[in-house]
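All of the numbers you see were taken from the coordinates with simple rules; none came from a lab. Computed from a predicted model, the values in this text were never measured in an experiment. Reconstructed Cβ throughout: ideal geometry from the backbone, glycine too, with neighbour counts over all protein chains shown.
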Amino acid sequence: MAIAPQIACADALPDPIPDDWTADSVVTLGELSVTAIKYGDEVANKDISTTTIGKKDIERYRIFSFKDASTLVPNLYIPDYGSRMTSSIYMRGQGTRIDQPVVGMNIDNVPLLTKENYDLDLLDIERIEVLRGPQSALFGRNTMAGVINVTTLSPFSYHGTRAMLSYSSGNTYKIGLSTYHQPSERIGYSVAAQYSSTDGFFDNNYNGSDLDWEHQGEGRTKLQWRASDDLRIDNVLSFSVSRQGGYPYESAANGEISYNDTCFYRRANISDGITVEYKRPSYTVTSITAYQYLDDNMTLDQDFLPASYFTLTQKRREHTLTHDIVFKSPERSGKAYSWLAGFFGFYKRTLMDAPVTFKDDGIANLIEHYRNQANPDYPISWETRQFVLNSNFKTHNFGLALYHQSTYKVDNFILSAALRLDFEYNHLGYLSQCDTGYDTYVAATGALYRHDDVKINDPGGQTQTFMQLLPKVSATYHFDTPHPISVFASVAKGYKAGGYNTQMFSDVLQQRLMGYMGFGALYDVEDIISYKPETNWTIEAGVHSECFDGRIRTDITAFYIHTTNQQLTVFPDGNTTGRIMTNAGKSRSYGVEVAIKARPIDPLTVSVSYGFTDARFIKFDNGKENYSGKFIPYAPKNTIFASAIYTVPVNCSWLGNITFDAHARAIGDIYWNETNDEKQPLYCLPGASITLSGQHYSVELWGENLSDTDYRTFYFVSIGNAFFQRGKPLTIGATLRINI
């Protein structure tokens, strides 16, 4: 075994214990985790593809939200664009820009049913577990591509006070303070708070203002009570507030970011979750009950031009209540049969106002121009140069589910079968309103011909119900070898709920308005208002192995996915700003995921994560063009993360280790549309850091995108104009952490 070099220093301390590089896969004692509740403690040895990011890597790569973990996990891509409400996730070629996610998320056992809540900054994350592949049998709706489980630090695993201060490019700073106490053997509590601010990296050429600025804060309290050896109760209460500026969308035509109307996003949310675990000799029951509240406001210049076409304000208030109760057999070694059964229910109520304000250029170019071109003898002129298309929505959404899993151990085989019955009810009530008018003139004389009022007051509603049976079967074989090796294979059905295209109502109302002038409505509300659930079948097989006394760990998975009614975000034809979710027939996706972590010598750790996905449409014909065989938009073909970490023990009173880290992230190709004529080629973002750490502190100097690579993270079309968002440029920073 190689000996790590040491730097001589006065008052030398004893040789430090090497970093426990396997800690990333260990569930911390005293912490309840929804993943461990449903899969057991040794998740990495189960019949699933999983990646666990532990506390050391979370701090090393400054992971405060799940978005920061993008590309560390094979085939997981979370693009950084728009605002915190965006939260798009792509996994194995699946994902959408709007509405329901394909990956579920739990924070301290609280399931987030609305992806607009996903992008939260959290202080003191203990670990992030990413389960890849359909998890619908145990976790239900919107987990057809996987589940992300985030667990924050427990007062049972750390006692004391922690402080963090970070500053980086873009005048970006983040401060955090937390304290963890255990006043008795059975009670622990913690309080944590953090605040961050940034001026951003992009300016609006129209007025020189900062665009991607943000101010956000988060607070969390955690109370854990071990009432007895058999009864454990955890309660986590958190809140966050975020204020963001507008969107750095550059014109594809000239590369400029220039628009004239105000853009911002504001969000406040509250979450409270209580987890109760009670053990009996013949079973364990766990109850997870949570309440969440969301209040947000997105206001934007919908045309993103230095002209006055449209603005949109979308205000939403949402209440969500969830309850999951899980019964399972006690975990006993040598037992051949184990079981798990549960009930899940949720209720979500949303109120949303989404007025679109038509302004002078929009009226002139999108209404008056086309109307007068069609009937030049009797031109029209709008009575005001601004009017509102108002849309109000009220949704009631609830669901119920029953699920069961049986597992048999026969010699070295582990056979498992699970089934979930999932029911969902979704009702949308809407009210579309407009009160405006226009004048018609006689072209020959210029005289007023008549005045017409346009008054629209259209209430309506629609209800959807979904019922799904979600099976999963799997087999795992553990080899009798000196080093742990296991292979697994599984077949599972995944499910993503259907929904409503609320973002199209302004376009529907616009076309209804034009119908007053003889054009006729282009959209039928009943035709575009809803979209169907998406389902898939996934076949996957993989191997988990360790060799050379655990110095090399390897996980390899291959998968094939067949998807029916894939939900796809498309841009309607013509001069519209809307986005519509449609069901794109059938698609297929296949690929491989490889994760290797090696420690050739004690001070050096090398990691490589690679994901490859080939995701294409099998059948998608919108009546105008056949996209069969085309790549699915927004889903990257390759995700790569590689790192080398070298630790030099110093062993003096004020300095313990110096750690050098070099890493690189690579993503691409990403196709931006169904025609595949726009794409982001594969790009690489190198990074590095140097960390000096002592017994109670660490100082890290770091950099990301050291090559200052120019790349794009998003593409969209508005009123016929294409836009991109640029990725973040070269970023340099420093982070100080203090543990007392």
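Tabulated results
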quantity	calculated
Rounded to 10°, Cα long-axis angle of helix 505-515 versus longest principal axis of the chain	10 degrees
20 Å reach of a label modelled at L351, 7 Å along Cα-to-Cβ, counting backbone N of the stretch 262-279	266-271
Paramagnetic label zone (point 7 Å from Cα along Cα-to-C-beta, H562; backbone N under 20 Å) in the stretch 446-490	468-475, 489-490
Separation of the S157 and S287 label points, Cα + 7 Å toward Cβ, nm	2.6 nm
Surface/4 estimate of mean projected area, convex hull on alpha-carbon atoms of the chain, nm²	32.6 nm²
Placed amide H near L120: partners under 5 Å, 5+ positions off or other chain	F66
Net lengthening on full extension, A336/N171 (0.36 nm per residue, minus Cα-Cα)	53.6 nm
Globularity ratio of the stretch 646-740, using Cα Rg and 2.2 N^0.38 Å	1.59
Per-residue [θ]222 nm for the chain (sum of -39500 (n - 2.57) over DSSP H runs n ≥ 4, rounded to 500)	-1000 deg cm²/dmol
Integer Hz, Karplus 6.51/-1.76/1.60 couplings in order for the stretch 662-667, x for Gly and Pro	10, 8, 8, 10, 9, 9
Estimated vicinal HN-Hα couplings, Hz - the stretch 385-393 in sequence order (Karplus 6.51, -1.76, 1.60; Gly, Pro = x)	9, 6, 8, 10, 9, 9, 10, 10, 10
Pairwise Cα inverse-distance average, inverted: Kirkwood Rh of the stretch 582-671 (Å)	16.4 Å
Theoretical gain in end-to-end length, K56 to N676 [0.36 nm per residue, Cα-Cα removed]	219.2 nm
Leading residue at positive end of dipole, the stretch 23-739 (Cβ point charges), from V543, G727, I363	V543
Per-pair calculated FRET efficiency, R0 = 41 Å: Y370 and K586 via Cβ, rounded to 0.05	0.65
Computed E for S184/T384 - FRET, C-beta separation, R0 60 angstrom, nearest 0.05	0.30
Loop-located trypsin sites (Lys or Arg not before Pro) in the stretch 288-349 whose Cβ has at most 12 other Cβ within 10 Å (DSSP)	R332, K335
Qualifying GluC sites (Glu not before Pro) for the stretch 188-282 [loop in DSSP, other Cβ within 10 Å: at most 13]	E256
Karplus-derived HN-Hα couplings along the stretch 253-268 (A = 6.51, B = -1.76, C = 1.60, θ = phi - 60°), whole Hz, x at Gly and Pro	6, 10, x, 9, 9, 7, 8, 9, 9, 5, 10, 6, 9, 10, 8, 9
Nearest-0.05 FRET efficiency for S653 and K619, computed from C-beta distance (R0 51 Å)	0.15
Residues with amide H under 5 Å from that of K679, placed H, sequence gap 5 or more	W672
Projected area averaged over orientations for the stretch 35-101, convex hull of C-alpha atoms, nm²	5.8 nm²
Under 5 Å, built H, 5+ apart or other chain: amide partners of S49	R132
Sparsely packed trypsin sites (Lys or Arg not before Pro) within the stretch 105-201, loop by DSSP, other Cβ within 10 Å at most 15	R186
